[in-house]
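See below for the structure under consideration.
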Amino acid sequence: METQSCVEVKNEWGIVAARQAGRTLSKEIGFGSVDQARITTAISELARNIYLYAKPGEICLEVVEKTTKTGLKKGIQIVARDRGPGIPDIRQVMIDGFTTSGGMGAGLPGVKRLMDEFTIDSKTGEGTTVTATKWLR
Amino acid sequence: METQSCVEVKNEWGIVAARQAGRTLSKEIGFGSVDQARITTAISELARNIYLYAKPGEICLEVVEKTTKTGLKKGIQIVARDRGPGIPDIRQVMIDGFTTSGGMGAGLPGVKRLMDEFTIDSKTGEGTTVTATKWLR
Amino acid sequence: MKQTVQNLEQAYKHILETFLHRKTEQGLYQAQQFSKVLLEHQISPEEFVSIHRAVLEELFPTVPDKVIDSFDLLLEVMMGYGLAYREHQSLRNRQRELESEIDVAANMQQTLLPAAIPDIDSLDIGVISVPANKMSGDYYNYILDDHGCLGVAIADIIGKGVPAALCMSMIKYAMDSLPEQRLQPGALLENLNRVVEQNVDDSMFITMMYGSYDPRTHEFRYSGAGHEPGFFYHADRDEFEELRAKGLVLGVSRKTKFTEYHVQVQKGDFIIFLSDGVTECRVGDNFIERSEIISLIRKYMHLSAQQLVENVYQELVKLQGFILRDDFTLMIMRRDV
Amino acid sequence: MKQTVQNLEQAYKHILETFLHRKTEQGLYQAQQFSKVLLEHQISPEEFVSIHRAVLEELFPTVPDKVIDSFDLLLEVMMGYGLAYREHQSLRNRQRELESEIDVAANMQQTLLPAAIPDIDSLDIGVISVPANKMSGDYYNYILDDHGCLGVAIADIIGKGVPAALCMSMIKYAMDSLPEQRLQPGALLENLNRVVEQNVDDSMFITMMYGSYDPRTHEFRYSGAGHEPGFFYHADRDEFEELRAKGLVLGVSRKTKFTEYHVQVQKGDFIIFLSDGVTECRVGDNFIERSEIISLIRKYMHLSAQQLVENVYQELVKLQGFILRDDFTLMIMRRDV
Ligand SMILES: [Mn+2]
Ligand SMILES: [Mn+2]
Ligand SMILES: [Mn+2]
Ligand SMILES: [Mn+2]
């Protein structure tokens, strides 16, 4: 269970497979049904971004742990990686993004709001990597 | 059915009575269940404003009609009238009002959005009258 | 958080049980009040749907599985609204931030306007200027020189809000640096026109009217740059006349010339300057007529200059349902001795 | 509208039927896509709940009445989210309006900055200035006089956004009207200080650093008003030194005096001006150290002046997850001959 499992996204089946993997893993970790749905939605948005603008790419999932004052905490980490066009202005995407506006990276602010941690790295012409984590409360 | 029927609002029972009257009348006119709920919510907000800041006041309901290109149209008109403190700056209330912010007139922008027509008249120290209409589609 | 959700679930279970028992409006009213509590606690809609399902399962253990399963789908769709709801919260924060920024800027803008109406023996002066939003694109100014002569300016920046405000600050600093032309309306506009032409974006124009009043001769001289005409009231004939001044708006062409007009002011006569926000008051789908503005002025002209403009404003803003579509500025100068 | 709702109801019925048949992730994915369609059509959440109930009644005519009745309550609570949803839409419109206003104003603000970096034989100059939001409270300027001497200004208005921008326009017009002091940093700051003190709200302060470079003597003279210290790089010793200038921030006291400092610039030496947005870059909960800024400058100092500042900015903005908490301005002047 410590190893990463990855799903390739090159068509809509890939999106569904990534969602399924996320739902199963988050359930195993012990997330409630609402959080399962949130994690799945986050995965879905990331996978859809790859499918629409940067296919093929992959979604990798991993169980992560950290020690806090109240003991060991478990969580799920999502890494979405592609070799697509990249996002020329990440600040723009993260600041204004409206849920319903289209284009590469449109869903990212939503993903950030659904998860606890979120980082993004992107280079024009080389691709984008998004890492997002949600911790069990 | 052409005459106005009024409900006095001086406590929470008045709010419930006004809601009930609105739901019954809007059903009679032929509004669907979602629109019934919207009309009732608008009445509820207006009545609650009276109850919290300007009691006693009244909510009057009336079936109204207008002729349009496609024929005669029916609708429901809500008049909320009080002799309370009035709203010193109506522009302020209508421009910024956030649903969850408190104070006299806080729910008015929401009421305006739920209904088709909306007018307000208020004089400091003399009271406020809100008139709102929703037409059957 | 977990605790809150459990408490809310208990509260909702109670509301639902009571409601299903006797299906009263009272129960629905409680549900509406409950929704306010949810919003206060920032419970997202998908969370609430999940609460509803849990309560339903508890109350009706025999509900068919498929009905319960259908909530999976309801919840999934609700996630979309949940995203919109979260966006709403962050929009609201950003909006509050922006609005408070703009409040500060609007205060700063107020300091660009004259702090007080100048005190001139023979003139009763009144002015009201109300922005459509928080920041104004209308500007006015009074300048009093050492001989007691008065310069009066009104300007309207085409465009509203923040850009107009930036533009207005330029006009103010530019006027401050032109002390020599204060009594020569034509020359003053020519100078301002050059500043605007050089500093302001091509899409931005400014209309302006400038007049100077000499209380020794009671002569009023004025020039205009594409600005909404004012009114001149002749007390002897009890008649209103349009106060027009031909001239291109500022910022179009570097070489614009501005004609200077003049008029002799008798006792009881008055001059009205206004911005098009006054005359373009919209009532329903129609603009108000200039003749209706005159009627309103007549209605209140027995009052002091300041009361006059305030009353006219009150009537016009009420006619429009308290929403101004453009910045509104109305100025009056009446010779009372 | 009615038509749309009916079509959506049909679509949803199909999705629900399929889902209940085999409860696959595929079905939930369809539900999520469906929620996007709902949002596109601006279907409010209470409308959707009503669709769900209708479809449920159609698919399961035998569902107990109480379960169907429970939807009355669900719908009533959903009205609260419906109101928030509508508010969201109108907030979004207002926000778009505000943002586009601010875009225009931000463009106007850009015109207050120098259009090009001045071309001076002995100096390689680079500058980058990035606002935290759209409008900046950082200001910089280059002034070239008839003898080829260069004046360099950097200023930071305490406060961000729109009010800072209004304030910045004042600084710019004030500097334009002080041509005599361009080579006297101390005197220039004293004059600006008076303008700021008179015109700006008490809650508003401006920090500033001003320097003048004479390419004939390679002497750099500078004064500061509470501004973040810069750096001076000594090429011979390969060492960085702090470029400090004591002095009160502008706008506090009318009578502030500003000490003038000077330094001799050798070939390969360079001067760095910066705003505190550079040094107060936050990484996690910690501020970055000034020594780390120096390391970054070292890393790129083999490049041209402009490439140097751009690379340093890129690294720092990435470190902060692409969110700037303060306006960021970094300037360099390097003597290359
Ligand atoms: Mn205007
Ligand atoms: Mn106007
Ligand atoms: Mn600042
Ligand atoms: Mn700063």
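The values are calculated or read from the model by the stated rules, or taken from the named source; none is laboratory data. This structure is a prediction, so every number in the text was calculated from the model and none was measured. Cβ atoms come from the backbone with ideal geometry, glycine included; neighbour counts cover every protein chain shown.
Things worth noting here:
To keep it simple, each residue is scored yes or no on (1) among the basic types (Lys, Arg); (2) away from chain D (no Cβ under 14 Å); (3) within 26 Å of the chain's Cα centre (by Cα); (4) more than 15 Å from C:Ser253 (Cβ to Cβ).
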position: C:Gln181; (1), (2), (3), (4): no, yes, no, yes
position: C:Gly186; (1), (2), (3), (4): no, yes, no, yes
position: C:Gln198; (1), (2), (3), (4): no, no, no, no
position: C:Ile206; (1), (2), (3), (4): no, no, yes, no
position: C:Ser212; (1), (2), (3), (4): no, yes, no, yes
position: C:His218; (1), (2), (3), (4): no, yes, no, yes
position: C:Gly224; (1), (2), (3), (4): no, yes, yes, yes
position: C:Phe232; (1), (2), (3), (4): no, yes, no, yes
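- Elements of type strands (runs of 3 or more DSSP E) contained in segment C:148-251, each with 3 or more residues being within 15 Å of ligand 1 (Cβ to nearest atom): C:150-157, C:206-214
- Hey, D:Leu91 more than 7 Å from chain C (Cβ to nearest Cβ), in a helix (DSSP H, G or I), among the hydrophobic types (A, V, I, L, M, F, W, C) and free of Cβ contacts under 8 Å to residues at least 12 places away in the same chain or not: no
- Test: residue in segment C:17-38 that is in contact (Cβ under 8 Å) with a residue 40 or more places away in the chain and either in the same structural domain as C:Glu87 (by TED's automatic domain parsing) or at negative phi (or both): yes
- Yes/no for D:Gln314 being more than 16 Å from ligand 3 (Cβ to nearest atom), away from chain A (no Cβ under 14 Å) and modelled with pLDDT of 90 or more: no
- C:Lys299 vs. criteria charged (D, E, K, R), more than 14 Å from every other protein chain (Cβ to nearest Cβ) and either within 16 Å of ligand 3 (Cβ to nearest atom) or under 24 Å from C:Gly226 (Cα atoms) (or both): no
- Qualifying residue in segment C:244-257 (condition: within 16 Å of ligand 2 (Cβ to nearest atom), without any contact (Cβ under 8 Å) to a residue 60 or more places away in the chain and of a type outside the set (Lys, Arg)): yes
- Selection status of D:Leu75, within 9 Å of chain C (Cβ to nearest Cβ), touching a residue at least 12 places away in the same chain (Cβ under 8 Å), touching a helix residue (DSSP H, G or I) at 6+ places or on another chain (Cβ under 8 Å) and among the hydrophobic types (A, V, I, L, M, F, W, C): yes
- Residues of segment A:100-113 satisfying the condition of being out of contact with any Ser or Thr (no Cβ under 6 Å at 6 or more places or on another chain), surrounded by 20 or more Cβ atoms within 10 Å (Cβ to Cβ) and either at pLDDT 70 or above or within 11 Å of chain C (Cβ to nearest Cβ) (or both): A:Gly107, A:Leu108, A:Pro109, A:Val111, A:Lys112
- Sole residue being within 16 Å of ligand 4 (Cβ to nearest atom) and at pLDDT below 95, chosen from D:Thr256, D:Thr279: D:Thr279
- Contacts under 7 angstrom Cβ, first residue in segment A:110-137 being under 14 Å from A:Val63 (Cα atoms), partner of a type in the set (Lys, Arg) and surrounded by fewer than 18 Cβ atoms within 10 Å (Cβ to Cβ), 6 or more apart: A:Trp135/A:Lys73; A:Leu136/A:Lys73; A:Leu136/A:Lys74
Residue by residue, here is whether (1) away from ligand 4 (no atom under 16 Å from the Cβ); (2) of a type in the set (A, V, I, L, M, F, W, C); (3) modelled with pLDDT of 95 or more holds:
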| site | (1), (2), (3) |
| --- | --- |
| C:Ala165 | yes, yes, no |
| C:Met170 | yes, yes, no |
| C:Gln184 | yes, no, no |
| C:Leu189 | yes, yes, no |
| C:Val200 | yes, yes, no |
| C:Tyr222 | yes, no, yes |
